Each structure stands twice: as structure tokens, then as C-alpha cells.
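Notes to accompany the following structure.
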Amino acid sequence: MALDDIYKEVILDHYKSPRNKRELPGAELSCTRNNPLCGDEITVFVHQQDGRVAGVSFQGAGCSISQSSASMMTEAVQGRSLAEALSLASDFRGMMAGEVDPDEEEFGDLIALKGVVKYPIRIKCAVLAWDVLQEALQGAGEATASAPHEA
Ligand code: ZN
């Protein structure tokens with residue numbers, strides 16, 4: 001099987017059997033955004049604990065690229081520190097801009113979306129979930145700043 005076909009399989013698998021597609025009771029952070037170009041909509045829920053992504057889920061509707069990217073995103077950031085999650089978001093955006101050569105170990109299934117770079121109109125679909133995640137996590141920074149920890 002050609003690499004492109006393997007990537008397509010991975011994307012379709014996440015689209016047909018999305019991971020962590022549900023509401024997340026107790027999520028402190030959530031954000032909804034849409035991509036009017038394609039009609040995609042994604043809500044991301046994050047439960048943070050001790051500066052880590054202790055729980056993450058999404059809900060949404062739209063094309064296979066947007067929904068599979070959201071599914072992969074939840075798997076990729078689960079358990080990471082908030083800083084690592086934001087750094088992965090930045091690397092993912094870099095990959096979609098053709099600027100970052102992704103590390104397969106770090107990216108896992110996300111690497112399957114690399115082929116979307118060839119279809120500029122779909123890039124927004126692929127990064128939507130990450131935009132929403134980033135916006136949700138930025139709320140976390142503000143929350144932390146207003147409640148400093150005692151040393
Ligand atoms: Zn789309």
C-alpha cells in the first residue's frame with residue numbers, strides 16, 4: 001500500500017470512529033470555533049489538573065479532515081503538560097505550513113494529515129481543532145495567573 005493510502009486509512013478510521021467525541025463533565029476549559037469556508041464546527045473540552053491535560057474531548061460536525069484531526073488531537077495531548085500541548089499545536093501548524101518536518105514519535109497518527117498540505121483549501125479544516133484547543137488553553141493561563149500557588 002502506498003503511504004498516501006495508509007494516511008487516508010488513518011484519517012478515515014478517526015472520522016468513522018472518533019476518539020473522545022463526547023462532552024466532558026467537569027471540564028474547566030472549553031471553546032467553540034467554526035471554519036465557515038467548509039462548514040466545520042468543533043468544541044474542545046479540557047479538564048486540567050496540576051498544569052496537565054488530565055482530560056480532553058471534543059464535539060463537532062464537519063468534513064473528515066476536521067473531525068479526524070480533532071480526534072487525533074485529543075489522543076495526542078492527553079496527559080501532556082499545558083505547555084507541551086501548546087508546543088505540539090505550534091508544531092502541527094508548522095507541519096501544515098510545510099515548515100516543520102514532524103517527528104513521527106511525537107506526532108503519532110497526526111502525521112497522516114501531512115498529505116493535506118497539498119490541498120491548501122483543506123488546511124484550515126486540519127488546524128481548526130488546534131486553534132480551538134489553543135484558545136481553550138489560553139483561558140487556563142489566565143486562571144492560573146489569578147490564583148498563584150504558594151511555594
Ligand atoms: Zn472541512
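Modelling each spin label as a point 7 Å along the Cα-to-Cβ direction, I'd like the Asp13/Glu105 distance in nm, to one decimal. It is 2.1 nm.
Against the chain, whose longest principal axis is taken from its Cα atoms, helix 64-77 shows a tilt of about 40°. Subtracting the Cα-Cα distance of Glu75 and Gln49 from their residue separation scaled by 0.36 nm leaves 7.7 nm. If you fit an axis through the alpha-carbon atoms of helix 82-96 and take the longest principal axis of the Cα set of the chain, what angle between them do you get, 0 to 90°, nearest 10? Value to nearest ten degrees: 20.
Springs join every pair of Cα atoms under 10 Å in this Gaussian network model of the chain, and among Val127, Val56, Val100 the largest mean-square fluctuation is at Val100. Helix 3-16 axis versus longest C-alpha principal axis of the chain: approximately 50°, rounded to the nearest ten.
The simple spin-label model puts a point 7 Å past each Cα toward its Cβ; for Ser64 and Lys118 those points are separated by 1.4 nm. Of the peptides 104-113, 4-13, the ranking by mean beta-carbon count within 10 Å, highest at the top, reads 104-113, 4-13.
Phi angles across segment 28-43 convert, under the Karplus curve 6.51 cos²θ - 1.76 cosθ + 1.60 with θ = phi - 60°, into 3J(HN,Hα) values of 7, 10, 7, 7, 10, 9, 10, 10, x, 4, 10, x, 7, 9, 9, 10 Hz, Gly and Pro given as x.
Here, each number is a calculation from the coordinates, and none is a lab measurement. Owing to the predicted nature of the structure, the values given are computational and were not obtained by experimental measurement. FYI the Cβ positions are ideal-geometry reconstructions off the backbone, even for glycines, and counts take in every protein chain you see.
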